[in-house]
Amino acid sequence: MPEYKGMVQPVRATPEEMRKIHIEPVPDEQKPQKALEYLDQIRKKFRSFVMAMESCTKCGQCAENCHTYLGTRDPNNIPTNRAELIRKIYKRYFTLEGRWFGKLVGAEDISLDVIEQWYSYFYQCSQCRRCAHVCPFGIDTCEVTFIGRQILHWLGITPKLHASVGAAMEKVGNHTGLPKPGIVDTLEFMSEEIMDEFGVEVEFPVDKPDSDIMYIPSSADFLLNPYTLMGAGMFFTYIGANWTIPSTVTEAGNFGLLFDQYWTQRGNVMRLLNAAQELGVKKIVWGECGHGWRAAKMYIPSLADRPVRWPITHIHDEIADLIRKNELKLDPSKNSKPVTLHDPCNYVRACGLNENMRTIIRAVTTDFREMTPHGADNFCCGGGSAILFDDPEMYQRRILLSKKKAEQVRATGVGKNGDGILCAPCSICKAQLYPMVEEHELGVEVKGLVDLVGKALVWK
Amino acid sequence: MPSTIINGVEIELDEDGFMIDPDLWNEDVARALAASEGIDELTEDHWKIINYLRDYFKQYHIAPMVRKLCKETGCSLKYIYDLFPSGPAKGACKLAGLPKPTGCV
């Protein structure tokens, strides 16, 4: 299933896998009718969506600002055209002119082909919101992708990657399926590695009752990003924190935001709050995960089923605050290779982390070079919203989707001598960029930001 | 669902060629999966990595951190890519009969 009538599509979850995440797939012959019902339900609830359906004037501002369109040059990947894949159905059934004049006004009947189009194009959009950032009318096309994916999910069409992550989260409390013994073993290994490399004793307490801080790392850190995990452990030890990692929610991500905001996203929030309550913590600190931080910071307050008693901050906020207060002794010469910063879209266009990341990177490196454009104007890595599919057709597409990012990195010159660092402090960005810096031969190594902090800390 | 018959036993595989039931793994299955990955012959170093992954998985029900795999087997990441062109997760784990890693990996 990598293609449908010439359109690339990610491998989809089997009916059995969909049932594991509480969805009974709708039979094909009923899909068009059901899609309309779900669309009708949703349009009545979300003004943001109706605004995208009704207000777009097709000015085209979004086109050249979308890395997906720039990489593929497929007209359906222009954000307004992608939204049009739903808008033409919305017009046909929910507007007067569409009901009367049909095709003459761009309306189209719902069909299985249209639904398959949604599946192809809503999973090429990375929900990076750069189009929203430049839209003169303030239309957030990401909201259209959210809703397209939600309807597909209810119909039983979800990528295998997203569905298996949803199931793993429900089963063990993280996306990679790490059970507690595996978590503890990896953290003990991290303690040994820190002792070997930095000569410092660092413990990673798991499920420690009455801790002040509950740290929520990305589970990908346990498999692929050792220095992000080590850096966090070293930071909390350095400041003398009473902290712990919960084995029941060892996951900063929340894929519910990306494919199922009704059940999966909400379920993950409750799980987090339960852990905070059981461990008696005073504060929740988030690890390096872009979409997960957006889901935590911007959605927990409205999704929670009880008062949220805990402040929730990002580890970058914590580190930057102490740098400004001059409470961390840092030696930037420990990171003397040329470094550039890839801004995770959710940090800079949804969560306001722009300045804090720069406060940190300037304090821990000696040769920092900004990309152009950067901050809120930055381009996505091409993997946003976890479109990290690795079947051959979709993998080829990922190379195209990261083309703009590759141009930006190259233009900084950090990889010119083959020893540059591309700091990308988000697990999805890291997972996308590890192979992509090789595909585009950028001469850089991908690192998190906490990684660089850990290396620069000066111990007494 | 794709499957392959090895020594008369039907082995079910997912779309990416990972085993559905890791308990059916044996060395002949690993050799057959190696062929599908374009690996002609499994050398001593291949087996060292495969066996380490299997032992770790048996104990912890998860693959080890890539850094730990490298350290414990004495193989650099580059060398693991030489041995398993699809890499430690998508190549070595597949041959060792582990499930496909999920999440942001």
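Where a number appears in this text, it was derived from the coordinates with a stated rule and is not lab data. In this text the structure is predicted, and so the values were computed from the model without any measurement. Cβ: placed from backbone, ideal geometry, glycine included. Neighbour counts: every protein chain shown.
Can you give me the Cα centroid spacing of segment A:327-379 and segment A:233-274 in angstrom?
For segment A:327-379 versus segment A:233-274, the Cα centre distance is 24 Å.
Which value in deg cm²/dmol, rounded to the nearest 500, describes the helix-derived mean residue ellipticity at 222 nm for the protein assembly as shown, given -39,500 (n - 2.57) per DSSP H run of n ≥ 4 and division by the residue count? Each step should come with its number before you reach the end.
Working: 27 runs with 271 residues, N = 565.
Rounded to the nearest 500, it is -14000 deg cm²/dmol.
Could you check the simple spin-label distance between A:SER302 and A:ASP331, using points 7 Å along Cα→Cβ, in nm with one decimal?
That separation, rounded to one decimal, is 4.8 nm.
Which angle from 0 to 90°, rounded to the nearest 10, does the C-alpha axis of helix A:226-238 make with the longest principal axis of chain A?
Helix A:226-238 sits at roughly 50 degrees to that axis.
Which of the GluC sites (Glu not before Pro) found in segment A:192-252 are in a DSSP loop and have at most 11 neighbouring Cβ atoms, other than their own, within 10 Å? Please report the intermediate quantities before stating the final value.
Working: sites: A:GLU192, A:GLU193, A:GLU197, A:GLU201, A:GLU203, A:GLU251; in loops: A:GLU201, A:GLU203, A:GLU251.
Filter output for segment A:192-252: A:GLU201.
Rounded to whole Å and sorted largest first, list the principal axis extents of the Cα atoms in segment A:298-379.
Answer, in whole Å and largest first: 47, 33, 15 Å.
Once you have the Kirkwood Rh of segment B:3-95 from its Cα pairs, apply Stokes-Einstein at 37 °C and 0.692 mPa s and quote D in µm²/s. Present the calculation step by step, with values, prior to reporting the outcome.
On the way: Rh = 13.4 Å.
Answer from the Stokes-Einstein relation: 244 µm²/s.
Can you tell me the alpha carbon radius of gyration of the protein assembly as shown divided by the globular rule-of-thumb value 2.2 N^0.38 Å?
Numbers: Rg = 23.5 Å, N = 565, 2.2 N^0.38 = 24.4 Å.
With N residues counted in the protein assembly as shown, Rg over 2.2 N^0.38 Å equals 0.96.
In terms of Cα to Cα distance under 21 Å, which lysines are near enough to A:LYS460, apart from those fewer than 8 places away along the same chain?
A:LYS325, A:LYS329, A:LYS334
Restricting attention to segment A:352-397, which GluC sites (Glu not before Pro) occupy a DSSP loop and are surrounded by at most 15 other Cβ atoms within 10 Å?
On the way: sites: A:GLU355, A:GLU370, A:GLU393; in loops: A:GLU370.
The qualifying sites are A:GLU370.
Could you compute the net charge surrounding A:MET394? Neighbours are other residues with a C-beta less than 12 Å from the C-beta of A:MET394; K and R count +1, D and E count -1. Present the calculation step by step, with values, prior to reporting the outcome.
Details: positive: A:ARG12, A:LYS160, A:ARG397, A:ARG398; negative: A:GLU3, A:ASP390, A:ASP391, A:GLU393, B:GLU15, B:ASP16.
So the environment of A:MET394 carries a net charge of -2.
In segment B:34-105, what GluC sites (Glu not before Pro) fall in a loop by DSSP, with at most 13 other Cβ atoms inside 10 Å? Could you put the intermediate results ahead of the total?
Details: sites: B:GLU37, B:GLU41, B:GLU44, B:GLU72; in loops: B:GLU37, B:GLU41.
Listed in order of number, the matching sites are B:GLU41.
Can you give the Kirkwood hydrodynamic radius of segment A:3-161 from its Cα pairs, in Å with one decimal?
Details: mean 1/r = 0.0624 Å⁻¹.
For segment A:3-161, the Kirkwood estimate is 16.0 Å.
Which FRET efficiency, nearest 0.05, do B:LYS71 and A:ARG47 yield, Cβ-Cβ r, R0 45 Å?
Working: r = 54 Å, r/R0 = 1.19.
With R0 = 45 Å, the Cβ-Cβ based efficiency is 0.25.
Based on the Cβ-Cβ distance of A:ASP419 and A:GLU355, what FRET efficiency does E = 1/(1 + (r/R0)^6) give at R0 = 30 Å, to the nearest 0.05? Write out the running numbers ahead of the final one.
Details: r = 28 Å, r/R0 = 0.93.
Calculated value: 0.60.
Residue farthest toward the positive end of the dipole of segment A:154-196, with Cβ of Lys/Arg at +1 and Asp/Glu at -1: which of A:LEU155, A:THR186, A:ASN174?
A:LEU155
Say each of B:LYS78 and A:GLN396 gets a label point 7 Å from the Cα, pointing the same way as Cα to Cβ; how far apart are those two points in nm?
A separation of 3.0 nm, rounded to one decimal place.
I'd like to know which of B:LEU42, B:PRO2, B:LEU69 lies farthest towards the positive end of the charge dipole of chain B, counting +1 on Cβ of Lys and Arg and -1 on Cβ of Asp and Glu.
Most positive-ward Cα: B:LEU69.
If you count, for every residue in A:427-433, the Cβ atoms of partner chains within 10 Å of its Cβ, what is the mean? Mind showing how you got there, number by number?
Details: counts 3, 2, 1, 2, 3, 1, 0.
Mean partner-chain Cβ count within 10 Å for A:427-433: 2.
For helix A:354-364, report the angle its Cα long axis makes with the longest principal axis of the Cα atoms of chain A; keep it between 0 and 90° and round to the nearest 10°.
30 degrees
Please report the spacing between the Cα centers of segment A:31-68 and segment B:1-77 in Å, no decimals.
Distance between centres, Cα-based: 45 Å.
Return the average number of partner chain Cβ atoms within 10 angstrom of each residue Cβ along peptide A:170-179. List each step's numbers first, then the result.
Working: counts 0, 0, 2, 0, 3, 5, 7, 7, 5, 3.
Neighbouring Cβ atoms belonging to other protein chains average 3 per residue here.
Would you mind getting the Kirkwood hydrodynamic radius of segment A:164-321 from its Cα pairs, rounded to one decimal in Å? Spell out each step's value before the answer.
Numbers: mean 1/r = 0.0642 Å⁻¹.
Final number for the Kirkwood radius of segment A:164-321 is 15.6 Å.
Count the lysine pairs in segment A:14-65 that are 8 or more places apart or on different chains: how many have C-alpha atoms under 23 angstrom apart?
On the way: A:LYS20/A:LYS31; A:LYS20/A:LYS34; A:LYS31/A:LYS44; A:LYS31/A:LYS45; A:LYS34/A:LYS44; A:LYS34/A:LYS45.
Counting lysine pairs in segment A:14-65 gives 6.
Label-point separation (nm) for A:ASN274 and A:TRP459, each offset 7 Å from Cα along Cα-to-Cβ?
Going from the A:ASN274 label point to the A:TRP459 one covers 3.7 nm.
Considering only DSSP beta bridges where both residues belong to chain A, give the percentage that are antiparallel (nearest 5).
On the way: 4 of 23 bridges.
Restricted to chain A, the bridges split so that about 15 percent are antiparallel.
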